[in-house]
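Quick notes on the structure that follows.
The values are calculated or read from the model by the stated rules, or taken from the named source; none is laboratory data. None of the values given here were measured: they were computed from a predicted structure. Note: ideal-geometry Cβ built from the backbone for every residue, glycine included; neighbour counts use all protein chains shown.
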Amino acid sequence: MKDALKQISDWLSQITELLVSLIMIGIVIGILFDDTFGVIGGIAALMTKFGDNGLAGLLALILIVVWYQKK
């Protein structure tokens with residue numbers, strides 16, 4: 001059972017790393033080619049939502065940053 005949970009955890013970690021890499025590639029492509037895929041616009045919209053929620057948005061953003069730093 002522990003081996004199965006470890007394997008699932010490893011898979012999720014690899015998928016997360018892949019998605020982060022794809023987002024970074026999307027940002028670079030967006031900078032170079034005028035945001036073709038809308039990645040930068042999507043990130044801006046997400047940050048606007050965090051900003052509109054005031055303290056709750058700030059706390060949510062801090063929790064996300066802390067969660068990614070634990071890796």
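The table that follows gives values for the structure above.
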| item | result |
| --- | --- |
| Matching option when the condition is at pLDDT 85 or above and surrounded by 11 or more Cβ atoms within 10 Å (Cβ to Cβ), among L22, L32 | L22 |
| The range 1-22 residues that are under 19 Å from Y68 (Cβ atoms), paired with ones that are loosely packed, with under 10 Cβ neighbours inside 10 Å and of a type in the set (G, A, S) (beta carbon under 8 Å, 6 or more apart) | none |
| Lone qualifier among L18, L32 - being more than 12 Å from the chain's Cα centre (by Cα) and among the hydrophobic types (A, V, I, L, M, F, W, C) | L32 |
| Residues satisfying the stated conditions in the range 23-35, i.e. over 23 Å from I64 (Cα atoms) and assigned to a helix (DSSP H, G or I) | I29, G30, I31, L32 |
| Filter result (part of a helix (DSSP H, G or I) and among the hydroxyl-bearing types (S, T, Y)) within the range 36-71 | T48, Y68 |
| Residue in the range 36-51 that is exposed (fewer than 10 other Cβ atoms within 10 Å of the Cβ), more than 13 Å from the chain's Cα centre (by Cα) and farther than 27 Å from S9 by Cβ present | no |
